[in-house]
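Novice: The structure under discussion is supplied below as structure tokens; questions concerning it will follow.
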Amino acid sequence: MSKITHIIKRDGSQVVFTPNRIANAIYRASVAVGNRDREAANEVARQVVAALEEQLLPGEIPNVENVQDLVEQKLIENNYATVAKAYILYRNERARQRAKRSDRDSMPSGNIPWHKLWQSLDWAVSHEVHTTQHLNQKIRAGKFHEIITAAEAAYFEDVENAANLILERQDDIRMVFVVGPSSSGKTTTTTIIGEHLAKQGFKLKTLNIDHYFFDLELHPKDEFGDYDFETPQALNLALINEHLVELFAGNEVRIPYYDFKTGKSHPDHTPMHLEEHEIVLIDSLHGLHPDMTADIDDSLKFKLYIEPLLQMKDSQGHYARWTDIRLMRRMLRDASFRAYDPLQTLLHWHYVRSSELRHIIPYSTTADTVVNSGMPYELPLYKAKLGANFAEWAESLKNDPLRVDAYERATRVNELFKEIDAVEDDSMVPENSVTREFIGGGIYKY
């Protein structure tokens, strides 16, 4: 047992010292470079703790920087140079994000699809749903169904436009990616894109990337027992790339099967091959990540990026955050389809957000088109379903130094909900709506 009982965080607060956090950080860096030796990570962590105990004076409390400096030192001493580099890069990236903490949830300006954003704002203004006040006026005037109808029409127009762009390149395209951060609406959009293309005579085959997850026990885990399975390294990217090359060469491959109940991967499970001119349809968080399709020529790919680009301001002039909308969506979906408590989703979200800022959004500019899945009518429905939860979390997480991220998100959403009228009845939402992917009751299987 370590002699060290507490550690000082960067904000000056003291928290309980947990050596397992050091091992998890080292293992996470190892995974990033393809090394999944958990015992080696544990050994380096033990050396870090021992060295830290030798350095400290009696009664002295270490800080986070002390620990991280020793991690780098011990990784290099143990000849883990590539892991050390990954750890240093990750540490530098976290420092950069902290430097812009007040704006950490906004998309970097170079990655914002400005044309699409202005189009979405123009639509919101013309339909008078660009502020919480205007939205409430519509609801109180009995026009909630009009908001739903207009928003759904705009989304389907976006998807149809994307399908038409694919048709323009039908002689070249062999694979279509529907990509976006968590709970952006990829699954529904992939299905609808597939329906459009099938009507035009396209032969399609879906490749489920989720079956390429490594075993759950191989993913990094934090001190709360939560696995970080949001990174592209959670997937066997090399095998995906290999299988796609084989498929396009006319060969049969055997897709692995991932059992989400047990967290185990079963290799060589399901045979798959492509017919002549058949297109591969892929819905994936990391479809834009270069390693997934490293050996596939870009001319064969069509990449659709989807995000809820909702343009709605509160009374203080702050826009509703896209990441908060997706958080609410994922809470509802996890609760409905994965028996996952909404609080667990909130506490896990920092992994989601960190990964997408590093591995998804930076590649968004490589997409061929952007679809907006944001619906202004979502927020009144979500308030009815989750409003009490966020009000409770805004209080219960207030003084927990280990849950600062979750507290800030809960407080922000709670303040937004205070300005929005709740709507209990979701029966007016169409069965083929992207919103049904999260609230249930739709015609598609998820």
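Novice: Need a quick list: helices (runs of 4 or more DSSP H) entirely within segment 120-225 having at least 2 residues that are surrounded by fewer than 16 Cβ atoms within 10 Å (Cβ to Cβ), of a type in the set (Ser, Thr, Tyr) and more than 19 Å from the chain's Cα centre (by Cα).
Specialist: Answer list for segment 120-225: none.
Novice: Out of all the residues in segment 251-270, which are at pLDDT 95 or above and either within 12 Å of LEU239 (Cβ to Cβ) or not assigned by TED's automatic domain parsing to the domain that holds ILE209 (or both)?
Specialist: Selection gives VAL253, ARG254, ILE255, PRO256.
Novice: Let me ask you something else. Looking at segment 389-414 only, could you name the residues that are more than 23 Å from the chain's Cα centre (by Cα) and in contact (Cβ under 8 Å) with a residue 60 or more places away in the chain?
Specialist: PRO401
Novice: Another one. Among (1) of a type outside the set (Asp, Glu); (2) closer than 21 Å to THR132 by Cα; (3) crowded, with 17+ Cβ neighbours inside 10 Å, which single condition is ALA367 missing?
Specialist: (2)
Novice: Exactly one of (1) under 23 Å from LEU117 (Cα atoms); (2) buried (at least 19 other Cβ atoms within 10 Å of the Cβ) is unmet by MET331. Its number?
Specialist: (1)
Novice: Might you check whether a residue that is surrounded by fewer than 18 Cβ atoms within 10 Å (Cβ to Cβ), in contact with a Lys or Arg (Cβ under 9 Å, 6 or more places away or on another chain) and among the charged types (D, E, K, R) occurs anywhere in segment 5-24?
Specialist: Looking for residues that are surrounded by fewer than 18 Cβ atoms within 10 Å (Cβ to Cβ), in contact with a Lys or Arg (Cβ under 9 Å, 6 or more places away or on another chain) and among the charged types (D, E, K, R), one finds at least one in segment 5-24, hence yes.
Novice: Output yes when any residue across segment 106-116 is at pLDDT below 80 and under 23 Å from LEU402 (Cα atoms), and no when none is.
Specialist: yes
Novice: Kindly indicate whether ASP122 is acidic (Asp, Glu) and modelled with pLDDT under 85.
Specialist: It is false that ASP122 is acidic (Asp, Glu) and modelled with pLDDT under 85.
Novice: So SER315 ticks every box in (1) surrounded by 14 or more Cβ atoms within 10 Å (Cβ to Cβ); (2) in a loop (DSSP other than H, G, I, E, B); (3) over 18 Å from the mean Cα position of the chain (by Cα) but one. Which box is left unticked?
Specialist: (1)
Novice: Would you tally the residues in segment 424-446 being in contact (Cβ under 8 Å) with a residue 40 or more places away in the chain, among the β-branched types (Val, Ile, Thr) and surrounded by fewer than 18 Cβ atoms within 10 Å (Cβ to Cβ)?
Specialist: Number satisfying all stated conditions: 0.
Novice: Could you list, in sequence order, the residues of segment 15-37 that are in contact (Cβ under 8 Å) with a residue 60 or more places away in the chain, charged (D, E, K, R) and in contact with a helix residue (DSSP H, G or I) (Cβ under 7 Å, 6 or more places away or on another chain)?
Specialist: If the condition is that a residue be in contact (Cβ under 8 Å) with a residue 60 or more places away in the chain, charged (D, E, K, R) and in contact with a helix residue (DSSP H, G or I) (Cβ under 7 Å, 6 or more places away or on another chain), then ARG36 is the only one that fits.
Novice: Would you confirm whether any residue within segment 27-36 is modelled with pLDDT of 80 or more, farther than 30 Å from GLY180 by Cα, surrounded by 14 or more Cβ atoms within 10 Å (Cβ to Cβ) and not basic (Lys, Arg)?
Specialist: no
Novice: Also, I was wondering about something else. Could you tell me which residue of segment 270-311 is nearest to the chain's Cα centre (by Cα), considering only residues that are surrounded by 22 or more Cβ atoms within 10 Å (Cβ to Cβ) and of a type in the set (Asp, Glu)?
Specialist: GLU307
Novice: Looking at SER336, is it under 17 Å from ASP283 (Cβ atoms), part of a helix (DSSP H, G or I) and polar (S, T, N, Q)?
Specialist: Considered against the rule, which asks whether it is under 17 Å from ASP283 (Cβ atoms), part of a helix (DSSP H, G or I) and polar (S, T, N, Q), SER336 comes out as no.
Novice: Which count do you get for residues in segment 354-375 that are charged (D, E, K, R) and either more than 16 Å from the chain's Cα centre (by Cα) or modelled with pLDDT of 90 or more (or both)?
Specialist: So the count comes out to 1.
The values are calculated or read from the model by the stated rules, or taken from the named source; none is laboratory data. Keep in mind that this is a model prediction, so the values were computed, not measured. All Cβ positions, glycine included, derive from the backbone under ideal geometry; neighbour counts span all protein chains shown.
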